[in-house]
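Here the structure is laid out as C-alpha cells; the discussion comes afterwards.
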Amino acid sequence: MSLLSRTVTTVIIVIGLVISVAHAGGKKGVKKKYNPVITNYTEENDVLVRPVMNVPASSIGKIGLTLNTPFNKVRALYGLIPGRRYHVSQYENDDTVDLVVWKSNDYTRKKFAGWFLNLPEEDFPYKGGNITEPRHTLMFKDDSGKRNIILSFASHFLRPIEDLSNGRYSCVMMGLAWFKEENNKWVLKHFTPGIGCYGAFQSTPELHLIKLGTNNYACYVLNSNGGPGQVYYSTLYLFAIVNGQFKIVLTEDAVERTNTMSSSWYPQLTTYKTKSDSLFQPLSLKLEGTFNRNIPDPEYDTTDSPIELAKAIIGRDSFDFRVTRRFEFRNGIYRRVSSRYKVK
C-alpha cells in the first residue's frame, strides 16, 4: 500500500470514529434541546416544510407535570406536548401564534364525530401530524381555597399556517388540561388531548365553569354554528372528571338559538340545592326566550321553539317563555328526568 493510500485510509477511519462518538453521545454527549423556532411567516417559510417530530405517548401529558408561577398557557402547552415548537410572528395582521407540531406513532387513536354526521369521523391524534395551539384558560378557587386552571387547546391536522382558522363549518379537535396550584407551583392533575371536535372556523368555544358538588367542578361549552345570515343553534357539552379522566357527562342539543329576528332563546346551567353531599348534584337547565311567528326572511329563517312548547304555540303569534329541564347523574352521565315551561 502506498503512503498516500495509507494516509487516506487513516483519515477515513478517524472521521468514522468521530461520527460514531457524536452519535453515541456517551456521558459527554450533548442533550437534545427543543427550543422554540422563531420565524416570520411567509409561504416559503411555512412550519410544515420541517420534519414532524415523533413524540412517544409516554411523554405526552405526564400527570404531575410542574410549572412555575405565574401560569403561562404557552409554557403549559410545551410541557404537555414536547413536540417541535414555533413562535410565528407577522401572522394575521402582525399577530403572533405559538404552536407545537408533533405526531405520535404509539398514541392510541380515538374516533370523534365532526359537525356533520354524514361525514367520516375524525381519528385523533392525526396520523400524519398535528398542529396544537393553546386557547382558553378558566381560573377558579376550589372549596379548599386553592387556585385551579382548566386550559383548552386546539389541534389541527397538518396544513399551511395560513389555512388555520378557515372554513365556517370546520371544527377543531379540543383538548383539556387541569392544573392545581400547590406550593407555589402549578401541577397537572388531569389531561385529555382530544375530547371532541368543536367550534366554527377551527376555533374552540369559550369555557364556562360550573360547580357540580362539594369540591367538584366542571366546565362546559356552547358549540355554535350556522350559515352566513342564517340561524345559529348551540349544543351544550359538559365535561367533568370521572374516574380521574375528563368525560362528557351531558350533551343537550339546541339549547340556544341566535342570529335571528324571529324565535330566539338562551341557556343557563346551574345546580339544584339539595341536602345531599353528592359530588354530582342534579342540574337545572333554563331556556329563556321569545317565540315569534314573524319571519323577516323566510328563506334563511324558520319558526322554531323548544319541544316543550308544542302545545303552547298553537293559536299564538308571539310570547316570552321559560323552559326548565332537570337532569340527574346516573351511571356516569347526566340524564333528563323532567321538564316544565311557563309562558307570558
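The values are calculated or read from the model by the stated rules, or taken from the named source; none is laboratory data. What you are looking at is a predicted structure, and each value in this text was computed from that prediction instead of being measured. Ideal geometry is used to build each Cβ from the backbone, glycine not excepted, and the neighbour counts take in all protein chains shown.
Worth pointing out:
- Against the conditions (1) in contact with a Lys or Arg (Cβ under 7 Å, 6 or more places away or on another chain); (2) charged (D, E, K, R); (3) at pLDDT 95 or above, ASP123 satisfies every one except (3).
- Scanning the stretch 190-231 for residues that are aliphatic (A, V, I, L, M) and in contact with a Pro (Cβ under 9 Å, 6 or more places away or on another chain) gives VAL221, LEU222.
- Hits in the stretch 140-184 - residues which are part of a strand (DSSP E or B) and loosely packed, with under 14 Cβ neighbours inside 10 Å: PHE140, LYS141, GLU182
- All positions within the stretch 308-336 that are exposed (fewer than 15 other Cβ atoms within 10 Å of the Cβ), assigned to a strand (DSSP E or B) and of a type in the set (Lys, Arg): ARG330, ARG335, ARG336
- The condition (being of a type outside the set (Asp, Glu), touching an Asp or Glu at 6+ places or on another chain (Cβ under 6 Å), farther than 30 Å from THR214 by Cβ and in a strand (DSSP E or B)) is satisfied by just one residue among THR290, THR260: THR290.
- Number of the condition not met by GLY227 [criteria: (1) touching a residue at least 60 places away in the same chain (Cβ under 8 Å); (2) closer than 25 Å to GLY332 by Cα]: (2)
- Residues satisfying the stated conditions in the stretch 254-269, i.e. under 15 Å from LEU309 (Cβ atoms) and among the aliphatic types (A, V, I, L, M): ALA254, VAL255
- Taking the stretch 51-73 as the range and being within 18 Å of VAL97 (Cβ to Cβ), hydrophobic (A, V, I, L, M, F, W, C) and modelled with pLDDT of 95 or more as the test, no residue passes.
- Residue check, TYR237 in contact (Cβ under 8 Å) with a residue 40 or more places away in the chain, surrounded by 18 or more Cβ atoms within 10 Å (Cβ to Cβ) and of a type in the set (Phe, Trp, Tyr): yes
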